[in-house]
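Colleague: Provided herewith is a single structure, encoded as structure tokens, for subsequent inquiry.
The values are calculated or read from the model by the stated rules, or taken from the named source; none is laboratory data. This structure is a prediction, so every number in the text was calculated from the model and none was measured. Note: ideal-geometry Cβ built from the backbone for every residue, glycine included; neighbour counts use all protein chains shown.
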Amino acid sequence: MVSSFFTRAQDIHFSQFDASLLNLSPAFTGVFKGDYRISSVYRSQWQSVPVSYSTFNLNGEMRLKPRSILRDAIGVGFIFNNDRAGDANYGTTQFYFTGSYIWMVKKDSSLMVSLGTSLGWCQVGFNYSKMTFDTQFDGVRFNNGLASGEQFARTQTTFVDFNNGAALFWQINPRHRVQYGFGIYHVRGPVTTFQGDIKKLDYRMCHYLSYTTPMTEHTDIVAELMYTQQGKYLEVVPHVSLKRFIDKATGQAVLAGVCWRTRDAAILRMGYHQGPLQSGIAYDINISKFTAATNRRGAFEIYLNYVFKNKPTFVAKNRYCPTFL
């Protein structure tokens, strides 16, 4: 009975959800070891059927240390999402500014707690000229000169969106850490309708939990869980991977694992990490009732994530007066 309610949420989503943490909670802004972070994800879904999806995400963020704040930090960033589906190019474009306040519970940044918010501009629409209707069939052939019988007040709608969240990052040791994030999206209940009536977009609640711990000297286990609920839709995605270090000094490692999106897809994931660079690919094997059209072919996804660190300014501890002869 419980599993019958598990399906995909209404907002865009990724199988490698850890590659776009700002879409899970704005409180993740600036919660990382470094000064700047940029990440991007591309997803191509259901290319074997006429209703294919294409989703792109780009995030950028930085952590600031104002002089007026002794230990804590401020995170600022942006999110860009673009999604297109079907012959009518039904799509969503989103641009958010995100911000967070990060409490450095420990001076070495091994334990951080943050609260975040994001404010954005969103547009949803479709291309009416590419749509066809059964009333345009004249009994012999399709005739685009016939009336469609449909009336839309608009083919695009734009709204302002507001989201909140909280996050925790705990680095127990270099290979043992816990990360948790919580986000509430569409707090204002924005209206997204093409018929002129008032229909508000359901708010989305998201939980993300990640746990990494060493198994052997050269192997870690990475476990994650994402729980998302939006209206009557619920998405639960557990993930587990093994991380094998090639060179621990530089952080060079390869990852391989599986995810399970209940009643929708089994997901194979692989990744490569080296120092500030993280990358990965994923493939969804469709197991839903749509397999008659997809032949179990689901989605391909790729992501890149890079962290930049400022070089510390050299400050001489001792200064010597020159000797004059």
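Colleague: Residue check: is GLY271 touching a strand residue (DSSP E or B) at 6+ places or on another chain (Cβ under 8 Å), modelled with pLDDT of 90 or more and either surrounded by fewer than 16 Cβ atoms within 10 Å (Cβ to Cβ) or assigned to a strand (DSSP E or B) (or both)?
Modeller: Against the criterion (touching a strand residue (DSSP E or B) at 6+ places or on another chain (Cβ under 8 Å), modelled with pLDDT of 90 or more and either surrounded by fewer than 16 Cβ atoms within 10 Å (Cβ to Cβ) or assigned to a strand (DSSP E or B) (or both)), GLY271 qualifies.
Colleague: Sticking with this one: Select, from GLN45, GLN94, the only residue that is surrounded by 15 or more Cβ atoms within 10 Å (Cβ to Cβ), more than 21 Å from ASN163 (Cα to Cα), touching an Asp or Glu at 6+ places or on another chain (Cβ under 8 Å) and not aromatic (Phe, Trp, Tyr).
Modeller: GLN45
Colleague: Among the numbered criteria (1) buried (at least 17 other Cβ atoms within 10 Å of the Cβ); (2) over 27 Å from GLY183 (Cα atoms), which one does SER241 miss?
Modeller: Status for SER241: all satisfied but (2).
Colleague: Please verify whether the stretch 120-129 includes one or more residues that are in contact with a strand residue (DSSP E or B) (Cβ under 9 Å, 6 or more places away or on another chain), over 24 Å from PHE194 (Cβ atoms), in a strand (DSSP E or B) and of a type in the set (A, V, I, L, M).
Modeller: no
Colleague: Can I ask one more? Of the conditions (1) within 28 Å of SER52 (Cα to Cα); (2) surrounded by fewer than 15 Cβ atoms within 10 Å (Cβ to Cβ), ARG261 satisfies every one except a single condition; which number is it?
Modeller: Result: ARG261 fails condition (2) only.
Colleague: Step by step: first the residues of the stretch 55-82, then only those that are in contact with a Lys or Arg (Cβ under 7 Å, 6 or more places away or on another chain) and buried (at least 17 other Cβ atoms within 10 Å of the Cβ), then the one that is nearest to LYS106 (Cα to Cα). Which residue is that?
Modeller: The residue in question is ALA73.
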